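A.B. asks: Before we start, here is the structure in question, set down as structure tokens.
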Amino acid sequence: MNTTYLLQLVINGLVIGAFYALLAMGLSLIFGVLEIVNFAHGEFYMLGAMAAFFLLSHVQLGYWPMVAAVTVMGAGVGWLFHRLLLGGMAGRNFERSLLLTLGLGMVLQNGALYLFTATPKLARTEYGMQAVVIADMRVTLMRLFALAWAALAFVLLYLVLYRTRIGQAMRAVAENREAALVVGIRPERVARLAVVIGIALCALSGAALAPIYTVTPTMGLIFAFKAFAIVVIGGFGSIGGAAIAALALGVVEALLGGYLSLILADGVAFVAMILVLLFRPLGLFGTGVRV
Amino acid sequence: MSAVLRVEHLNKAFLGVKAVDEVSLAVASGEIAGLIGPNGSGKSTTIDCISAFQRADSGRWFVADRELTGLRPHAIARAGLTRTFQAVRCYDNLSLLENLLCATEATRPVTWRDAYFGTGKLKAHEARARERGEELLSLVGLTRYRDAPAQILSYGQRKLLALAGALMTEPKIILLDEPVAGVNPTMIKLVEQAIRRINELGIALLIVEHNVEFIMALCSRVIVLDAGKLLAEGPPRIIREDERVLEAYMGGAPVEIDA
Amino acid sequence: MSLRLLAILAGIAALYTLPLCGFSEYVMTVAVVACVFAVLSCGLNLVYGYGGLLSLAQVAFWGIGAYTAGLMAMDLKWNPWATLPFAGLLAATVGVFVAYASLRLSRHSFAIVSLVFALLMQLVARDWVGLTRGALGLPGLPQLAIGGYVFDSAARFFWPMLSFTLVSLALLYRLMHSRIGRTLLAIRQNEPLAQSHGVDALAHRLLVIGVSAGLSGIAGGMFVFQLTIVDPSIMDFYYTESMLIMVIVGGPGSFWGVLGASAVFTVLPEALRLTPELRMVLYGVVLVAAMLTVPAGFGGILAKRRENRWRTQLA
């Protein structure tokens with residue numbers, strides 16, 4: 001068994017798993033606070049990647065400012081998203097929000113297809129393909145920096161959720177909506193922040209992964225489905241569960257893809273999801289408080 | 001006196017906390033029994049378990065000596081046990097009569113074939129159901145709204161419609177989940193009358209309620225739960241003065257319950 | 001015979017004469033696609049508008065039917081007509097199976113599972129090369145024929161497709177307007193209440209999913225015999241998006257509304273000469289707008305009117 005190869009796969013898996021996690025946590029947060037399944041989640045990730053591509057190639061922005069800029073833009077888009085579309089939707093007839101976000105996703109994806117065509121784009125940064133060599137493994141700087149961004153996002157998310165009052169409010173609403181309202185938490189403010197954070201995470205993921213994988217308008221769809229599978233596996237409303245499931249999935253996919261076949265790698269998320277739904281419908285870490 | 005409903009050793013826990021703890025009770029044929037207890041005593045959970053809207057952890061229950069343990073909700077309704085809901089439920093977009101017509105599955109379910117093709121058998125069934133529906137609407141005093149969409153009814157009227165719906169299933173016993181919660185005093189009287197009329201038809205009732213006066217006035221026997229366990233059982237005037245009951249509700253301070 | 005029935009029969013007779021009117025192959029293809037979407041969206045209407053289930057897996061059943069028919073005709077050398085009932089049966093069986101497993105879950109999960117199932121089926125079609133021949137699909141399928149008369153052109157194929165469509169629509173119409181349909185509406189509005197009245201909600205839901213999946217499967221089989229190729233693109237998300245629009249705009253639960261919407265949304269994009277991407281953008285915008293303004297579609301508006309009429313009458 002070639003340990004270098006194994007470790008290489010694990011590292012790659014962790015990188016993508018980290019971003020699966022950020023996407024899934026954002027999805028979980030939005031669901032937990034607003035009871036809305038955001039079917040456009042993947043498209044925001046795609047837009048982040050597209051924005052990254054344009055900032056890098058047309059505006060010639062450096063890597064670090066680019067990622068920061070795209071994330072901030074993502075936060076702004078999230079704010080608009082909530083303000084214009086999700087306003088009264090929280091907690092109501094869920095099919096309505098499902099179809100609304102699905103429609104939005106259609107507009108974004110096909111709009112991008114129309115404007116930018118399906119040709120894959122390569123986002124190139126000033127670091128190019130440079131890599132560091134750690135114990136016989138070649139880890140590209142882009143992957144390393146992406147991991148750094150992901151780690152930063154995890155830390156910030158943790159701080160917001162567990163060390164600020166509004167974060168506490170978000171967790172309260174996610175756990176028990178009615179009780180939170182009784183206690184006087186203003187749902188709209190909390191909801192808006194949840195959406196802002198969720199979409200910002202999507203944008204960040206898009207920007208960080210754009211230099212690593214190719215950028216196409218359809219990249220959001222499969223990524224989002226993986227995120228859905230993860231949320232189901234981890235348990236609806238369980239943000240920590242989503243993170244763990246995501247990292248695990250990233251690594252498993254990488255290993256399967258590296259040793260067996262890419263086909264299995266793609267399918268494992270869905271098969272795992274269906275298995276969880278059949279045997280532990282609340283998810284592996286779901287608390288059963290809210291689905 | 002035979003028991004139309006018999007519950008044995010019912011248990012249900014949520015996340016390790018026992019909501020219903022070894023509850024056994026019985027309701028005699030034609031009886032109006034009350035189920036009371038302070039908040040969180042497990043009354044609604046008991047009802048939910050018996051009617052299979054929650055899965056009980058263990059226990060058995062029988063209607064007219066026929067075991068219903070483990071059956072799905074619709075099968076229980078077909079066996080003669082019907083329940084109403086605390087948050088009153090109606091088909092908002094259907095007329096009152098249509099609301100009642102939808103409740104006939106429990107009595108004489110038609111075959112898929114009959115239902116699909118609308119055969120003569122179905123038509124006869126529907127005609128009978130219509131007659132019965134109109135009778136029941138008059139029993140609860142809602143004939144005026146027969147063809148109106150249920151959406152327009154007031155809260156109390158919806159409770160009456162729910163009662164009529166329960167009657168359509170020709171039950172042996174009806175479990176009422178807080179029938180007068182949030183209802184104004186005039187309407188409470190109407191609900192009480194409707195319940196008495198239902199009972200006169202020979203149908204037993206088990207009423208879960210917070211309104212203790214309502215229970216004391218209506219029921220011939222009262223069962224008290226506290227923290228999931230059976231606390232006391234007996235006729236209203238005995239229960240009214242039972243110290244354990246007073247303590248469970250009021251924390252021990254002696255307070256007169258208005259007769 | 002009522003005037004309405006007469007009008008419908010006249011309309012049907014007129015439709016049957018379409019292939020004889022000398023329209024171009026392109027126009028007749030649009031007509032065929034209109035038939036297909038009529039069946040698909042009516043099926044979705046049954047599942048969502050009556051059954052209350054937002055199932056995004058319709059396209060998977062259509063695809064399963066398509067592949068079953070194609071594979072049976074090519075590998076087992078069956079007569080294409082004979083493969084169709086099996087296509088429908090297999091699609092229906094898979095549908096019931098998946099539905100049974102996922103109906104225990106919440107409605108959020110059900111919608112997601114159905115969506116993921118559809119994607120999974122497309123992945124399987126693309127990647128299980130041994131069975132489905134992978135991304136290139138199965139070309140060279142035989143076409144439907146009776147005796148020596150082959151339904152090769154779109155104009156000729158329109159006849160069997162129209163016939164199947166009319167039979168399916170009649171079947172679905174009867175189902176929706178029968179007592180089963182009324183019970184479904186009750187389940188959709190308030191499932192616990194229906195259950196407390198003795199209605200077996202699960203059985204009813206499995207029935208509509210099975211029927212809808214079966215009809216979609218047969219339609220899928222027929223369609224690929226006209227295309228003479230079946231490949232993974234048959235399960236493209238585009239079909240799901242189109243079906244959704246037709247049902248949402250037409251009004252879930254409204255037979256004629258959805259039928260009308262399916263015709264409009266098949267013909268309109270062609271008439272406007274929109275590229276596929278712009279068509280989807282349009283659909284997305286319509287969907288978002290509908291959800292913001294009239295979430296219950298046109299059917300909901302009518303229901304509100306009826307309610308208001310009663311309120312004023314009884315006031």
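A.B. asks: How many residues does the range B:174-225 contain that are in a loop (DSSP other than H, G, I, E, B), in contact with a Lys or Arg (Cβ under 7 Å, 6 or more places away or on another chain) and small (Gly, Ala, Ser)?
C.D. replies: 0
A.B. asks: Does residue A:156 fit the bill of being assigned to a helix (DSSP H, G or I) and under 28 Å from residue A:210 (Cβ atoms)?
C.D. replies: Yes: the conditions hold for residue A:156.
A.B. asks: Is it true that some residue in the range A:75-84 is surrounded by 24 or more Cβ atoms within 10 Å (Cβ to Cβ), under 17 Å from the mean Cα position of the chain (by Cα) and not in a helix (DSSP H, G or I)?
C.D. replies: No, the conditions are met nowhere in the range A:75-84.
A.B. asks: Just checking, which of A:33, A:59, A:70, A:107 is over 22 Å from residue A:173 (Cβ atoms), away from chain C (no Cβ under 14 Å) and surrounded by 15 or more Cβ atoms within 10 Å (Cβ to Cβ)?
C.D. replies: Details: A:33 fails: over 22 Å from residue A:173 (Cβ atoms); A:59 fails: surrounded by 15 or more Cβ atoms within 10 Å (Cβ to Cβ); A:107 fails: away from chain C (no Cβ under 14 Å).
None of the others qualify; the one that does is A:70.
A.B. asks: Right, something else. Give the residues of the range B:19-46 that are part of a strand (DSSP E or B) and under 21 Å from residue B:210 (Cβ atoms), sorted by residue number.
C.D. replies: Across the range B:19-46, the qualifying residues are B:19, B:20, B:21, B:23, B:25, B:27, B:32, B:33, B:34, B:35, B:36.
A.B. asks: For the range B:98-148, how many residues meet the condition of being free of Cβ contacts under 8 Å to residues at least 12 places away in the same chain and outside any helix (DSSP H, G or I)?
C.D. replies: Within the range B:98-148, residues that are free of Cβ contacts under 8 Å to residues at least 12 places away in the same chain and outside any helix (DSSP H, G or I) number 3.
A.B. asks: Answer yes or no as to whether residue C:112 is within 14 Å of chain A (Cβ to nearest Cβ) and without any contact (Cβ under 8 Å) to a residue 40 or more places away in the chain.
C.D. replies: Against the criterion (within 14 Å of chain A (Cβ to nearest Cβ) and without any contact (Cβ under 8 Å) to a residue 40 or more places away in the chain), residue C:112 qualifies.
A.B. asks: Does residue C:94 qualify as being under 24 Å from residue C:205 (Cβ atoms) and more than 10 Å from chain A (Cβ to nearest Cβ)?
C.D. replies: Yes; evaluated as a whole, the condition is true for this residue.
A.B. asks: What about residue B:241, is it charged (D, E, K, R), without any contact (Cβ under 8 Å) to a residue 40 or more places away in the chain and surrounded by fewer than 21 Cβ atoms within 10 Å (Cβ to Cβ)?
C.D. replies: When the stated conditions are applied, residue B:241 passes them.
A.B. asks: State yes or no: is residue C:123 surrounded by fewer than 22 Cβ atoms within 10 Å (Cβ to Cβ), outside any helix (DSSP H, G or I) and within 9 Å of chain A (Cβ to nearest Cβ)?
C.D. replies: no
A.B. asks: List every residue pair whose Cβ atoms sit under 7 Å apart, with the two residues 6 or more apart in sequence or on different chains, where the first one lies in the range C:269-295 and is facing another protein chain (nearest Cβ under 7 Å) and touching a residue at least 24 places away in the same chain (Cβ under 8 Å) and the second, anywhere, is among the acidic types (Asp, Glu) and surrounded by 15 or more Cβ atoms within 10 Å (Cβ to Cβ).
C.D. replies: C:280/C:241; C:283/C:241
A.B. asks: In addition: Restricting attention to helices (runs of 4 or more DSSP H) lying wholly within the range C:130-245, give those where 2 or more residues are out of contact with any Leu (no Cβ under 7 Å at 6 or more places or on another chain) and more than 14 Å from every other protein chain (Cβ to nearest Cβ).
C.D. replies: Details: elements: C:154-177, C:179-189, C:191-196, C:201-227.
The qualifying helices (runs of 4 or more DSSP H) are C:154-177, C:201-227.
A.B. asks: Given the structure, is residue C:212 hydroxyl-bearing (Ser, Thr, Tyr) and under 25 Å from residue B:117 (Cβ atoms)?
C.D. replies: Criteria met by residue C:212.
A.B. asks: Okay, moving on. Any residue at all in the range A:269-276 that is over 14 Å from the mean Cα position of the chain (by Cα) and not in a helix (DSSP H, G or I)?
C.D. replies: Within the range A:269-276 (the criterion being over 14 Å from the mean Cα position of the chain (by Cα) and not in a helix (DSSP H, G or I)), the answer is no, since none of the residues qualifies.
A short reminder: the numbers here are calculations on the coordinates, not readings from a lab. None of these values were measured; they are calculated from a predicted model. Every residue, glycine as well, gets a Cβ built from its backbone with ideal geometry; the counts of neighbours run over all protein chains shown.
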